[in-house]
Amino acid sequence: MARHIYVHIPFCEAKCPYCSFFSRRSSPDIENEYLHACMKEAAFYKERIGNGLLPDNNLKLDPTDRTDTVYFGGGTPSVPDAFLTAELLERVIDAFGIGKEDMEATIEANPHSLTLSKAKTYRNAGFNRISIGIQSLDKDVLKTLGRLHDPKAAEDAIRIARDSGFRNISADLITGVPAQTVEGLIKDAGRLLDLGVSHISLYALSVEEGTPFYSRYGDAIDDIVDPSLERKMYHDVRAYLKTRGFCPYEISNCSPKGRESIHNSIYWKGLEYAAIGAGAHGFLDSVRFCHDDDIESYIQDPLSVTVEETLDEKAKQKEYMMLMLRTSEGVADKAFAERFGREPGEVFGDGIGSLLERGLIEKDGGRIRLTSPKGLDLANEVFREFV
Ligand code: SF4
């Protein structure tokens, strides 16, 4: 019976000018109080599980779901005290009765705040996967992004992760930054692989309202970075990664076989997961719930959650289509029918027909997938069919 837990650590050393995630600068005192509040929430889950109140439908939904996962995301989980972070992982493992030997436990980190001593503390506590916000190895691109680290610190962070015993290391790269080039991005990807990363996540720069980047670029970002250039970066770097054995297994993720993120795959498969921390979203017993984006209120009352929606069968089918179409695996008729009792064509016949006609998806061997490059580039149009 696999369990999956997301823990949100909403602290960053500084706010990057393009970031719209829930995170902010803080002080060690607040961070410590916050981590203790997370421990309180973990203890609450322990009580519920002890009383048989936490259902686990995942095995029924996906018989291959056998690995427990814990994911500390942010924000920047490498900012607060590492010993307290390690203690929180131990409390979570204990609360959920997780098999420490075969779990996947990921911590996100940033080059600027990751030290060898912190990385060793995480590793000793049981984290066995680290995801580092590298973004670029080009000093000008990092400067445009307002990141605190330079290329040397980025490379050092990967060495630190390796030297402290991490073998499962993921790095984020960002595409579509003003003045970034396709060649530069491919060079960065190659260097990261040479340094020993085992997973790459690729994200396009997105200029969101309310961020300093929005005030700077607004809607003019498309004039500054031609969208077709961003698409070229994306496709060329994916093609390059493939030549190095890193296969794209989801719209934004590439890795060698066996190094895919197990935790992230639970979201795409529509499986259930618990959520700890301010701003964290969870999905249990068909209910989507969240904690408010408010650190102080969370510290006061870590058990308060808001129910966002209860998913009925139709909503689950739609979500499954939308999320599994993100993956290279796509939607298999058989898997869908095992889960929902009917094949996707019986439920979404018109939508699937129209997407096939427009060349956005393809059908092959009882499975539908996004086409490349058209379906990948217009993925949001595909997903809209299932909203
Ligand atoms: S480090 Fe990440 S989460 Fe923090 S402000 Fe920058 S982009 Fe946002």
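Are there any GluC sites (Glu not before Pro) in the stretch 178-231 that are in a DSSP loop and have at most 13 other Cβ atoms within 10 Å? List them by number. Taking the stretch 178-231 and a limit of 13 other Cβ atoms within 10 Å, the loop GluC sites (Glu not before Pro) found are 208, 209.
A Cα-only calculation for the stretch 1-86 places Rg and Dmax at 15.8, 45 Å. Summing +1 for each Lys or Arg and -1 for each Asp or Glu among the other residues whose beta-carbon sits under 13 angstrom from that of residue 75 gives -1. Placing a label point 7 Å from the Cα of residue 13 along the Cα-to-Cβ direction, the residues of the stretch 150-175 whose backbone N falls under 20 Å of that point are 150-164, 170-174.
Measuring r between the beta carbons of residue 307 and residue 214 and using R0 = 51 Å, the FRET efficiency lands at 0.95. For a 4.7 Å threshold on C-beta separation, the list of partnerless cysteines in the chain reads 12, 38, 247, 254, 290.
Restricting the stretch 219-305 to trypsin sites (Lys or Arg not before Pro) that sit in a DSSP loop and have at most 10 other Cβ atoms within 10 Å of their own Cβ leaves 257. Were the residues from residue 143 through residue 383 laid out at 0.36 nm apart, the gain over their Cα-Cα distance would be 83.0 nm. With semi-axes defined as the square roots of five times the eigenvalues of the C-alpha gyration tensor, the equivalent ellipsoid of the stretch 97-219 measures 28, 16, 13 Å, largest first. If R0 is 25 Å, the Cβ-Cβ spacing of residue 163 and residue 102 corresponds to a FRET efficiency of close to 0.55.
For the stretch 131-203, which trypsin sites (Lys or Arg not before Pro) pass both filters: DSSP loop (anything but H, G, I, E, B) and at most 13 other C-beta atoms within 10 Å?
167
Pairs with C-alpha atoms separated by more than 28 Å, drawn from the list 15/120; 40/120; 100/187, are 100/187. Backbone amide hydrogens, once placed in the peptide plane, bring residue 173 within less than 5 Å of 135, 201, 202, 203, excluding anything fewer than 5 places away on its chain. With a Förster radius of 25 Å applied to the beta-carbon distance between residue 90 and residue 27, the computed FRET efficiency rounds to 0.55.
Global size of the stretch 313-387: 11.0, 32 Å for Rg and Dmax (C-alpha atoms, Rg to one decimal, Dmax whole). Every helix of 4 or more DSSP H residues in the chain counts as -39500 (n - 2.57), and over all residues that averages to -13000 deg cm²/dmol at 222 nm.
Each listed q (0.09, 0.14 Å⁻¹) maps to a log10 I(q)/I(0) for the chain, found by the Debye formula over equal Cα scatterers with no solvent: -0.54, -1.39.
Across the stretch 4-267, the mean sequence separation of Cα contacts (distance under 8 Å, 6 or more residues apart), normalised by length, yields a relative contact order of 18 percent.
Read the figures in this text as sums done on the coordinates, not as results from a lab. Predicted, not measured: the structure shown is a model, and the values here were computed from it. When we count neighbours, we look across all protein chains shown, and the Cβ atoms used for this are built from the backbone with ideal geometry, even at glycine.
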